Amino acid sequence: MTRLKTDDFKNSVANLDAYDSELTNKTGYSLRGVACCAEDVNEVEILPLLRNISVGVVPVTSGKGVIGGFCEALKTIACHIGCRAFVTQTSDLSGLVEAFEKGADIILSADDDRFIAFHAQSRRTVDNATATGKAYAVGLDLMSGGVKGLDVLVIGCGPVGRGAAEKLIALGAQVSVYDIENDISNRLADDLADSFDTKVLTAIKLESALTCHKLIIDASPAQNIIQTRHITPDTYISVPGVPHGLSEEARLKNSNRFLHDPLQLGVATMLAGALTIDTKSVC
Ligand code: 2YJ
């Protein structure tokens, strides 16, 4: 699992208005809009709820410790989509107590293995990996004009790839999964086929899978696996993985049909997901 570094998110979170313009150009929706689509909630209906809640961000010092600016970045994203948010002055369990004492409705907190949003009133937890996968699947759907009935390749079969594949199937895509470990892709394909009563293909060779897919989710941490030869004018790539897997030339060639950020879509979708208790209606 990739551990984010301050440089991964510092610049893009510092300018969320520019981020929103670019996302809107590509998908037709702002950050909050894509998050609402990912959670199948109506943005107009959820807006008053977002404005009414307070998000407490709690630093975690265990394991590899605090990442400089990480909690502030989460606060900035929460505020950008309309919430009130604060970072606790204390960390770990003391921070959790502080967050509740200061009236937080949702806690955001991450250690080295998990990153969760916890909605106190409903006891609902939303995992960043699942929310991120879902958000990028919806981002691909919006950016490409729809995945229904089309072949989509998911690279990386960890929790983010699983979240993406589940959403793609729900959107009507024909999903193929690839992982550097064949056993892992076979297991995910079998699980998805059982859960959704659908056929999910396993790609054995990445090169041929990339050559025959124009719709791609890259949920792996591998670098430089997607090259210019894999990019056609109809190729759309949505990348929840950090770092992204495109070579610099491939990214430039694909820049208008490429979705990637270090935190934003995942965090916004976690918050929308934590609030969807009473608000389900189609976006
Ligand atoms: O509070 C802090 O600043 C740190 N404890 C944050 C740690 C962030 N955790 C990670 O980057 C892990 N790799 C988990 C991320 C899960 C994303 N799906």
Express in nm, to one decimal, how much length is gained between Ala170 and Cys79 on full extension, taking 0.36 nm for each residue of separation and deducting their alpha carbon distance.
29.8 nm
Kindly express, to the nearest 10 degrees and within the range 0 to 90, the angle between helix 92-101's C-alpha long axis and the longest C-alpha principal axis of the chain.
60
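What Kirkwood hydrodynamic radius do you get for the chain when you take the inverse of the mean 1/r over all pairs of distinct Cα atoms, in Å? Working shown, then result.
On the way: mean 1/r = 0.0527 Å⁻¹.
Computed over Cα pairs of the chain, the Kirkwood hydrodynamic radius comes out at 19.0 Å.
Using 0.36 nm per residue of separation minus the Cα-Cα distance, give me the extension gain between Ser54 and Ala120 in nm, one decimal. Display every interim value, and only then the final one.
On the way: separation 66, 0.36 × 66 = 23.76 nm, distance 1.11 nm.
Between Ser54 and Ala120, full extension yields an extra 22.7 nm.
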Under DSSP loop assignment and at most 15 Cβ neighbours within 10 Å, longest trypsin sites (Lys or Arg not before Pro)-free interval of the chain
206-283
Apportionment of accessible area to carbon and sulfur, the chain, percent (1.4 Å):
49
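Give me the number: length gained by fully extending Val97 to Thr228, i.e. 0.36 nm times residue separation minus the C-alpha to C-alpha distance, one decimal in nm.
On the way: separation 131, 0.36 × 131 = 47.16 nm, distance 5.05 nm.
Computed gain between Val97 and Thr228 is 42.1 nm.
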C-alpha center-to-center spacing [segment 30-55, segment 187-212] in angstrom
32
Report, by chain and number, residues whose modeled amide H sits under 5 Å from the one on Val177, excluding near sequence neighbours (fewer than 5 apart, same chain).
Val154, Leu201, Thr202, Ala203
At 222 nm, what helix-only mean residue ellipticity would the chain give, in deg cm²/dmol to the nearest 500, using -39500 (n - 2.57) for each DSSP H run of four or more?
-13500 deg cm²/dmol
Just to be sure I follow: if Rg is taken over the C-alpha atoms of segment 130-260 and Rh is the Kirkwood radius over the same atoms, what is Rg/Rh?
0.92
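With every protein chain left in place, what is the accessible area per residue of segment 130-260 in square angstrom, probe 1.4 Å?
Working: 5750 Å² over 131 residues.
I get 44 Å² per residue for segment 130-260.
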What relative contact order, as a whole-number percentage, does segment 130-260 give when Cα pairs under 8 Å and 6 or more residues apart are counted?
25
Treating only the Cβ atoms of Lys and Arg (+1) and Asp and Glu (-1) as charged, compute the dipole magnitude of the chain about its Cα centre; round to the nearest 20 debye.
340
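The values are calculated or read from the model by the stated rules, or taken from the named source; none is laboratory data. Just so it is clear, the structure is predicted and the values come from calculations on it, not from any experiment. So basically every Cβ, Gly included, is an ideal-geometry build from the backbone, and we count neighbours across all protein chains shown. The protein model used for the area step is the full one, side chains on, heavy atoms only, and it has no ligands, DNA or RNA in it. Shrake-Rupley method; radii C 1.70, N 1.55, O 1.52, S 1.80 Å.
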